[in-house]
Amino acid sequence: MKKRILVIGSISAELDFKVSRFANDGEEVAEPFEYEIAPGGSAGIGACAVSRLGGDVIVCGCVGNDEYGRSLVSFFKEFGMDTRFIKTVKGEKTDVSIVENSGANRRVFRNTKLVQKVDTDLVEDAFTTIPDAVYVSLDVPAETVIRVAELAREKGIPSFLDGERIPEDFPIDRLGVIDLVALPPEATERLTGIAPRDAMSNLKAAVELHKTLRAKTYMFKFGVGGAFEYKGNFSYYIPYVEDAHMGYRDLLVPAMIVENLRSGKSVRATRYAATVVELASRKEGAVVTTIPSETEVLRYILEHEVEL
């Protein structure tokens, strides 16, 4: 039976452009270029990753009362996701992410207005679905995240917190005990004063972070080079594809959750997630359109004898 994962965070329409070069200030560049529109945002990408990799998804977030919002909800429904807890905010436009790609260079502009509307009432309603685990991105309001952590403890389910877009003033000391927190290198350095550049500095940062945040597992997304995890009694570093752009970091935690719930083994789950990132990074386009299926990942693991 598929595990039910409640995914909470931002939902946006991502406009992904592939251009020959970025225009200079005041310049107009007229040329044919490729583009696509796909779901974006932490919850949008996370929900699609969980669904593609074999999980059952409940999506919780906000969209505007416009064509983008309606299209996103329809897209998630077609994937078989539970969309009852996607709130349509009247009088507002759906958040949009604009991604420009020019060779190895990438620029991203994100509208984050509606993610601030993901409140405690909405997540409390979403928890009535009795999920097996919850994933929440720390771009939603702090009080909402704190309530999610409380509800997860009350329900006895694991909570996975993704700090890819954690605000500088986020009160991590108020979260209580959680199962996993994942942080990018810049947030790790800001919270601990230690730049996570190698296995030893990652370990020192995890020990320092433990003084203010009680997580069972700490994950540091080592730039675009890999993931480091610390569980108190042991730590490990798992590299993934070196040239993957930062957008693929959004896949790491959702993919890890799916395999963690299947196998109950955290090291295996992180290696599985690293494989997902590697396969996705070989494709071109918006992150959502590059997510491999569960079958593709398993085939790759078997054919290349990937150690999990």
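The values are calculated or read from the model by the stated rules, or taken from the named source; none is laboratory data. Nothing here was measured: the structure is a model prediction, and the numbers come from that model. In this analysis, Cβ positions are derived from the backbone assuming ideal geometry, glycine residues included, and neighbour counts consider all displayed protein chains. Each accessible area value is taken on the protein alone, full model and side chains, heavy atoms only, with ligands, DNA and RNA left out. Shrake-Rupley method; radii C 1.70, N 1.55, O 1.52, S 1.80 Å.
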Practice problem: Count, please, the residues in segment 282-295 that happen to be surrounded by fewer than 19 Cβ atoms within 10 Å (Cβ to Cβ), at negative phi and outside any helix (DSSP H, G or I). | Solution: 4
Self-check item: In segment 78-128, the residues that are under 19 Å from VAL287 (Cα atoms) and among the charged types (D, E, K, R)
Solution: GLU78, ASP95, GLU100, ARG106, ARG107, ARG110
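Taking the conditions exactly as written (of a type in the set (A, V, I, L, M, F, W, C) and either at pLDDT 90 or above or at positive phi (or both)), does ILE238 satisfy them or not? Spell out the reasoning first.
Working: of a type in the set (A, V, I, L, M, F, W, C): yes; either at pLDDT 90 or above or at positive phi (or both): no.
Considered against the rule, which asks whether it is of a type in the set (A, V, I, L, M, F, W, C) and either at pLDDT 90 or above or at positive phi (or both), ILE238 comes out as no.
So if I check each of ILE130, ILE157, ILE166, which one is under 18 Å from the mean Cα position of the chain (by Cα), open to solvent by 10 Å² or more (accessible area, probe 1.4 Å) and of a type in the set (Val, Ile, Thr)? Reasoning before the result, please.
On the way: ILE130 fails: under 18 Å from the mean Cα position of the chain (by Cα); ILE157 fails: under 18 Å from the mean Cα position of the chain (by Cα).
Within the list ILE130, ILE157, ILE166, the selection yields ILE166.
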Quiz item: List the pairs whose first member sits in segment 161-190 and is on the phi > 0 side of the Ramachandran plot, whose second member is part of a helix (DSSP H, G or I) and among the charged types (D, E, K, R), and whose Cβ atoms are under 9 Å apart, counting only residues at least 6 apart or on separate chains?
Solution: GLY176/GLU150; GLY176/ARG153
Quiz item: Just to be sure, is GLU124 at pLDDT below 95, over 19 Å from TYR248 (Cα atoms), open to solvent by 60 Å² or more (accessible area, probe 1.4 Å) and not hydrophobic (A, V, I, L, M, F, W, C)?
Solution: no
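Might you check whether a residue that is within 26 Å of THR120 (Cβ to Cβ), of a type outside the set (Val, Ile, Thr) and either open to solvent by less than 70 Å² (accessible area, probe 1.4 Å) or free of Cβ contacts under 8 Å to residues at least 60 places away in the same chain (or both) occurs anywhere in segment 25-39? Give the steps one after another, and end with the answer.
Going residue by residue through segment 25-39, those that are within 26 Å of THR120 (Cβ to Cβ) are 39.
Imposing the further condition that a residue be of a type outside the set (Val, Ile, Thr) reduces the set to 39.
Pick out the ones that are also either open to solvent by less than 70 Å² (accessible area, probe 1.4 Å) or free of Cβ contacts under 8 Å to residues at least 60 places away in the same chain (or both) and you get 39.
Yes.
Let's see how each residue does on (1) open to solvent by 40 Å² or more (accessible area, probe 1.4 Å); (2) within 21 Å of ASP162 (Cβ to Cβ):
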{"position": "LYS77", "(1), (2)": "yes, no"}
{"position": "THR83", "(1), (2)": "no, yes"}
{"position": "ASP95", "(1), (2)": "no, yes"}
{"position": "ALA104", "(1), (2)": "yes, no"}
{"position": "PHE109", "(1), (2)": "yes, yes"}
{"position": "LYS117", "(1), (2)": "yes, yes"}
{"position": "THR120", "(1), (2)": "yes, yes"}
{"position": "VAL134", "(1), (2)": "no, yes"}
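A quick yes/no check of all residues on (1) over 19 Å from SER51 (Cβ atoms); (2) among the aliphatic types (A, V, I, L, M); (3) modelled with pLDDT of 95 or more; (4) outside any helix (DSSP H, G or I):
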{"position": "TYR248", "(1), (2), (3), (4)": "no, no, no, no"}
{"position": "LEU251", "(1), (2), (3), (4)": "no, yes, no, no"}
{"position": "LEU261", "(1), (2), (3), (4)": "no, yes, yes, no"}
{"position": "ARG268", "(1), (2), (3), (4)": "yes, no, no, no"}
{"position": "ALA280", "(1), (2), (3), (4)": "no, yes, no, no"}
